[in-house]
Amino acid sequence: MELFNSESKKIISDPINVNNPISLQVLGICSALAVTIRLDQAIIMTLAVIFVLCSSNVILSLIRNYIPNRVRIVIMLSVIASLVSVVDELLKAYLYDMSKQLSVFVGLIITNCIIMGRAEAFALKNGPSKAFLDGIGNGFGYGLIIIIVSFFRELFGAGTITLPDGGAGYVLWRIPESWYAAGYENVGLLVLSPGAFIILGLVIWVQREMAGVEEDA
Amino acid sequence: MTGLEHYLSIFTKAVFIENIVLAYFLGLCSFLAISKKIDASVGIGMAVIVVLTITAPINWVLWEFLLSKGALVWISDDFVDTDLGFLKLIVFISVIAAMVQLVEMFMERFSQSLYNSLGIFLPLIAVNCSILGGSLFMVEREYTISETVVYGFGSGVGFFLAIVALASIRYRIRYSNIPPRLRGVGMAMLLTGLLSMAFMAFSGIDL
């Protein structure tokens with residue numbers, strides 16, 4: 001199969017735009033909010049999700065013809081749980097500070113509905129190379145949203161922009177003291193949980209406006 | 001702090017101050033999908049209470065006697081350094097999946113009416129992050145077994161309260177004039193934000 005024909009492009013680009021996992025399929029919101037306090041956490045989380053999503057899609061797609069339909073949920077869960085354990089141990093070994101900050105939310109990738117949802121909806125019906133592309137597309141679609149949310153939460157809530165590095169994060173830019181002296185203030189609410197819900201709600205709105213999709217509710 | 005007061009404090013904390021949905025963002029997928037209907041929300045809320053109250057203590061026992069560092073000393077002193085902690089995710093999620101299946105079968109056998117109202121929600125709960133999250137938080141906070149029971153039950157009640165509240169609000173605004181692309185999930189997120197702000201008013205209460 002050709003890797004970059006129009007069909008594979010569609011598999012990758014759809015989930016980033018018109019079929020975004022967070023704002024349109026409404027999957028994986030649980031972890032999307034908790035890790036968006038700082039940009040570096042969101043970036044690491046995105047990488048972890050892309051890794052788990054691609055590998056689980058490929059593995060499940062390879063064994064899809066041997067899985068009895070009745071027990072497929074248990075099989076999917078055990079494949080995903082093993083992959084997440086690998087990520088969890090890797091983070092603990094190489095990025096200990098980060099794994100402390102993310103705490104239980106790395107483990108919760110298991111129950112992140114994106115992974116189960118894509119396995120069920122796509123990987124069990126398609127070949128491994130397509131399933132891999134689907135994993136990449138949905139992973140980036142997820143990452144795009146949480147990186148936007150965390151950028152706004154960190155910038156306006158804490159006044160910094162932090163990129164991931166080996167330790168506690170590298171501060172790329174921080175709001176200068178002179179702004180505070182001139183009366184600028186951080187919006188503390190954004191760091192707390194209500195801020196996450198409200199920003200994500202607005203991002204979903206904007207994303208749907210751009211993709212031109214509406215929900216019949 | 002004396003016994004009862006301590007448990008009451010854990011309970012109120014789990015229900016109001018550290019509400020599992022509104023403060024920790026757990027279980028949001030089903031929270032958003034099911035809160036379109038009030039009766040369905042009551043159903044899944046009850047199911048979450050039942051499953052959380054059962055699975056959290058079971059996982060506590062497994063963690064304490066099988067998985068954590070030095071937990072296997074009850075077999076022999078040779079295992080004092082054995083740490084099976086890396087298996088916790090797989091073990092917890094299997095226990096949850098199995099328990100959900102068991103509760104479902106049990107209900108079907110003994111209470112047909114309860115099964116009819118809760119039955120369809122049970123499979124969904126196996127992959128609800130609030131259940132796994134409950135077990136993981138229980139490990140992280142080093143609760144004792146009785147604290148775990150209270151915490152599991154309290155978190156379930158918190159989920160129940162939050163989802164029924166959101167479902168009622170969504171029911172009330174169903175004819176409101178909302179911009180078409182904000183309808184549905186977008187609006188539900190904004191409402192959850194407001195609810196979460198309201199629940200934050202409880203923080204600082206200490207029993």
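The values are calculated or read from the model by the stated rules, or taken from the named source; none is laboratory data. The structure presented is a predicted model; accordingly, all values stated were derived computationally and were not measured. Backbone-built Cβ (ideal geometry, glycine too); neighbour counts: all protein chains shown. Heads up: the accessible areas ignore ligands, DNA and RNA and are worked out on the full protein's heavy atoms, side chains in. Shrake-Rupley method; radii C 1.70, N 1.55, O 1.52, S 1.80 Å.
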* Structure fact -> From most to least accessible, 1.4 Å probe, no ligand or DNA/RNA atoms counted, A:MET76, B:MET99 line up as B:MET99, A:MET76
* Structure fact -> Judged on accessible area alone, 1.4 Å probe, highest first, A:VAL206, B:VAL21, A:VAL79 line up as A:VAL206, A:VAL79, B:VAL21
* Positive-end residue, the protein assembly as shown charge dipole about Cα centroid, Cβ charges, pick of B:ASN128, A:ILE199, B:LEU114 -> B:LEU114
* Structure fact -> Probe 1.4 Å, all chains present, heavy atoms only: B:PHE16 accessible area in Å², nearest 10, is 70 Å²
* Chain pair B, A: total accessible area buried, heavy atoms, 1.4 Å probe, Å² -> 3600 Å²
* Please work out how much length the chain gains when fully extended from A:ASP165 to A:TYR66, using 0.36 nm per residue of separation minus the C-alpha to C-alpha distance, in nm with one decimal. => 31.5 nm
* To do: Enter the angle in degrees (range 0 to 90, nearest 10) between the Cα long axis of helix A:6-16 and the first principal axis of the Cα atoms of chain A, meaning the one along which they spread out most.
  => 40 degrees
* Structure fact -> Under the 7 Å Cα-to-Cβ spin-label approximation, A:VAL74 and B:TRP74 lie apart by a distance in nanometres of 2.5 nm
* For the stretch A:12-206, what is the charge dipole size about the Cα centre, in debye to the nearest 20, if Lys and Arg each add +1 at the Cβ and Asp and Glu each add -1 at the Cβ? -> 660 debye
* Structure fact -> Partner aspartates and glutamates whose C-alpha sits under 17 Å from that of A:LYS100, ignoring same-chain residues fewer than 8 away, are A:ASP40, A:ASP88, A:GLU89, A:ASP165, B:GLU140, B:GLU142
* To do: Report the relative contact order of the stretch A:118-197, percent, no decimals, based on alpha-carbon pairs under 8 angstrom and at least 6 residues apart.
  => 25 percent
* Debye intensity ratio I(q)/I(0), log10, the stretch A:15-85, q values 0.14 Å⁻¹ (C-alpha model) -> -0.56
* Structure fact -> Computed on Cα atoms, Rg of the stretch A:12-206 relative to 2.2 N^0.38 Å comes out at 1.10
* Using only C-alpha positions, report the orientation-averaged shadow area of the convex hull of chain B, nm², one decimal. => 14.0 nm²
* To do: Starting from 0 in steps of 10 Å, tell me what percent of the Cα-Cα pairs of the stretch B:14-60 lands in each bin.
  => 23, 52, 24, 1
* Express the carbon and sulfur contribution to the solvent-accessible surface of the stretch B:132-181 as a percent, rounded to the nearest whole number, probe 1.4 angstrom. => 60 percent
* Structure fact -> Answer in debye to the nearest 20: the dipole magnitude of the stretch B:1-148 about its Cα centre, from +1 Lys/Arg and -1 Asp/Glu charges placed on Cβ, is 640 debye
* **Bins of 10 Å from zero: percent of alpha-carbon pairs in the stretch B:66-106** => 30, 32, 25, 12, 0
* What relative contact order, as a whole-number percentage, does chain B give when Cα pairs under 8 Å and 6 or more residues apart are counted? -> 41 percent
* In nm², what is the average projected area of the convex hull enclosing the Cα atoms of the stretch B:2-41? -> 3.5 nm²
* List the residues of the stretch B:165-189 whose accessible area drops by at least 20 Å² when all protein chains are present, compared with their chain alone, using a 1.4 Å probe and counting only protein heavy atoms. => B:PRO179, B:PRO180, B:ARG181, B:LEU182, B:ARG183, B:GLY184, B:VAL185, B:GLY186, B:MET189
* Where chain B is the region considered: accessible area per residue in Å², 1.4 Å probe -> 47 Å²
* **Overall form of the protein assembly as shown per C-alpha gyration tensor (a/c, 1.5; a/b vs b/c)** => rounded
* Heavy-atom accessible area, 1.4 Å probe, ligands and nucleic acids excluded: residues of the stretch A:91-129 down by at least 50 Å² from chain alone -> A:VAL104, A:LEU108, A:THR111
* Structure fact -> Expected field for A:ASP165, accessible surface area in Å² at 1.4 Å probe radius, rounded to 10, holds 70 Å²
* Structure fact -> Here the relative contact order (percent) of the stretch A:12-206, from C-alpha pairs under 8 Å and at least 6 apart, is 34 percent
* Candidate residues B:PHE160, A:PHE197, B:PHE106, B:PHE65: accessible-area rank, largest first, probe 1.4 Å -> B:PHE106, B:PHE65, B:PHE160, A:PHE197
* Over all residues in B:190-200, what is the mean tally of Cβ atoms on other chains that come within 10 Å of each residue's Cβ? -> 5
* Asked: So how far, in whole Å, is the C-alpha centre of the stretch B:71-89 from the one of the stretch B:119-179?
  -> 32 Å
* Using a Förster distance of 41 Å, the FRET efficiency for B:SER9-A:ALA121 (Cβ separation, nearest 0.05) -> 0.40
